[in-house]
Amino acid sequence: MKSKLWVFRDINLLQQASLVRALSISPATASLFLARGVTTPDEATSWMSLQSPHDPFLIPDMEQAVERLHRAVTTQEPICFYGDYDVDGITATSVYMSFFGGLGAKVRAYVPHRLREGYGLNIGAVQRLHDEGISLLVTSDCGTTSHKEIALAAQLGMDVVVTDHHQSDEQMPPAVAVLNPHRVGALYPFRGLCSAALAYKVAQAYQLRYGVAGVPLESLLDLVALATVADVVPLHDENRNFVREGLVQLSRGARCGVRALKQVAGVTRDCTAETIAFKLAPRINAAGRLDDAMLGVRLLTTDNPVEAQQLADRLEQLNRERQRIEVDIMAEALASLKDQELPPALIVASRHWHLGVVGIVAARLVDRFQRPAIVMAINEQGIAKGSARTTGGFDLYQGLASCREMLEAFGGHPSAAGVTIRESRIDEFRAKFSGVVAGWNHEGAKVPTLNVDAEVRLNDVNLQLLQEIGSLHPFGAGNPEPTFAVTRLEVLDARTVGEKHLKMTVRQGTSLPFDSIAFGMKSLLERGIPSRTPVDLAFTPELNHWNGRDRIQLRIRDVRPSVME
């Protein structure tokens, strides 16, 4: 396995020196600020402090939404909160259920079944909910493009409020309110909110307007943090506040469902964004992938610890099953690509694959081959449904829009989308979409790259640097973990631990020895690096707690042989 292409960020030395002097920080930390577009001391101070919340009434149609919800609350009109089956939809639905249920409203939740109903609003569900007496339907993470379904609801006498953050058409559906910061002409100053954050803004607006809250607003931020990290929206602006405060709530585990979920996931320390991404979110998502996403809503809204533990155990079981299925589909997808020259976009499909897992496999293919990927499951009727993921800045939504005449349906974001197409048109679509990707200016996109914030000396990697890095938390989309580089290291020891992880002890010149760990990198020989060869490391520094002691460890992002001078 070859090393990645290391791309060092351009640093303005005058701006770096200004930040170092004004904030009394290290040059390495100053480089991190500059890499995030933070160039002045005032901007850096603002970045480290809490962002003032934006006025929720700047979101289009917020006035109409809270007025309609208030009327339903005060008249005990039944409200159905209808969410998508991923973490964002599940948590947004849970935000609504917690807040308005706490007000004493007559509420229920509905999440469509991935395999039986598919994404978003569907005609059958609208009709059933009407027949069950629902007159106000509030969507989460879907609805912006559901023109036919919302028209049917209106015809049946149901009002619909849409909360969604997907790309929008210029024409809005006939809903009472469409709360989407991506709407044309929207005045809300930040467009990066996920749907759970939009649901939180609705609760915030309701409290501002009517002076009451179903539950303390801050108690909902654990749900917002889960969705913000899991949905990979940018950790800028309000999102940083939501995740910071939400991680505190998650670490406390005030919600019994969260406590149970942490227990089955083996989370014993304070929660981080990585805890959400790799421990909590996959288990919540497993419900909608393989079973019923309402399991997730029930887990996050129950007050019964026994029920919470039973639900968490079920999610753990589903997540393990999901992992097994994912391995099988990935192996088949790789086999189908093995004996061909890889096209600009990877589009694979099978009648044997599970629809609930194709999105994860698409992401794995992107990571491996550094090009857009679409993975689809074909049903017995010859309809292929799947998920698309991208890399290198290619806009999936626009790319799919250029092929819309071949597709039965599509929707999503620039970085992730869903597609539906007839099996008979897959080859035609594969050719056209690959041509669209090939025509996109992506020189070097096929070469895996690693952005490096700054080159440092090992002597500079100390507790002060880790404390300064802590001021940039939380890390995630739009605010990646710091990556530093050190060169010409002496390898004092290198061994494989846990069958597939490389553990090394390294030293630079007269520095102290540093432990380092490379997950999934069995040995230096796997990278074609002979023993005793000086190496360069790209790494993220972190504290490793072991045997009651905290030591700085280098979590290796990449390793390469040093260039001999």
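Every number in this text was worked out from the coordinates using simple rules, so none of it is lab data. Model, not experiment: these values are computed from the prediction. Methodologically, a virtual Cβ is constructed for each residue, glycine included, from the backbone with ideal geometry; neighbour enumeration extends over all protein chains shown.
Here are the numbers for the structure shown:
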| quantity | calculated |
| --- | --- |
| Cα-based reach from residue 4 at 16 Å (exclusive), listing lysines while leaving out same-chain residues under 8 positions away | 446 |
| Neighbour net charge for residue 87 - beta-carbon separation under 13 angstrom, K R +1, D E -1 | -3 |
| Partners for residue 106 among lysines (Cα-Cα distance below 23 Å; same-chain residues under 8 apart left out) | 201 |
| Spread of Cα-to-Cα distances over 5 Å intervals beginning at zero, given as percent, for the stretch 490-565 | 3, 15, 27, 28, 17, 7, 2, 0, 0 |
| Computed over the chain: relative contact order in percent, which uses C-alpha pairs under 8 Å that are six or more apart | 12 |
| Loop-located trypsin sites (Lys or Arg not before Pro) in the stretch 395-474, at most 15 other Cβ atoms within 10 Å (DSSP) | 446, 457 |
| Convex hull volume per residue for the stretch 340-439, taking Cα atoms only, in Å³ | 92 |
| Globularity ratio of the stretch 399-497, using Cα Rg and 2.2 N^0.38 Å | 1.75 |
| Cα radius of gyration and Dmax for the stretch 56-316 (Å) | 17.0, 52 |
| Whole-angstrom Cα spans of the stretch 1-71 along principal axes, big to small | 57, 42, 15 |
| Stretch gain in nm, segment residue 525-residue 471, where the contour uses 0.36 nm per residue and the Cα spacing is subtracted | 15.7 nm |
| Relative counts (whole %) of C-alpha pair distances in the stretch 274-357, using bins that are 5 Å wide | 3, 13, 20, 18, 15, 11, 9, 6, 3, 2, 1 |
| The chain - share of DSSP beta bridges that are antiparallel (%, nearest 5) | 60 |
| Cα gyration tensor shape for the stretch 54-115, rounded if a/c is under 1.5, else prolate or oblate | oblate |
| Proximal aspartates and glutamates relative to residue 385, as straight alpha-carbon distance under 14 Å, when same-chain residues fewer than 8 apart are discounted | 117, 408, 423 |
| Rg(Cα) / (2.2 N^0.38 Å) computed for the stretch 203-356, rounded to two decimals | 1.25 |
| Rel. contact order, % - alpha carbon contacts under 8 angstrom, at least six apart, the stretch 304-438 | 20 |
| At 0.890 mPa s and 25 °C, Stokes diffusion of the chain via Kirkwood alpha-carbon radius, µm² per second | 97 |
| Structure-based [θ]222 nm, the chain - -39500 (n - 2.57) summed over DSSP H runs of at least 4, per residue, nearest 500 | -12000 deg cm²/dmol |
| Added length on full extension, which subtracts the Cα-Cα distance from 0.36 nm per residue, residue 332 to residue 555 | 77.1 nm |
| Calculated diffusion of the stretch 197-276, Stokes-Einstein form, Kirkwood radius summed over Cα pairs, 25 °C and 0.890 mPa s, µm²/s | 187 |
| Part-to-part distance (alpha-carbon centres) for the stretch 11-74 and the stretch 180-227, which is given in Å | 17 |
| For the stretch 31-180: Kirkwood Rh in Å [reciprocal of mean 1/r, alpha carbons] | 16.8 |
| Cα Rg over Rh - the stretch 141-218, Kirkwood | 1.00 |
| Whole-Å distance, taken between Cα centres, linking the stretch 511-558 and the stretch 348-400 | 34 |
| Potential lengthening between residue 70 and residue 40 on full extension [0.36 nm per residue; Cα-Cα distance subtracted] | 6.4 nm |
| Surface/4 estimate of mean projected area, convex hull on alpha-carbon atoms of the stretch 412-565, nm² | 14.0 |
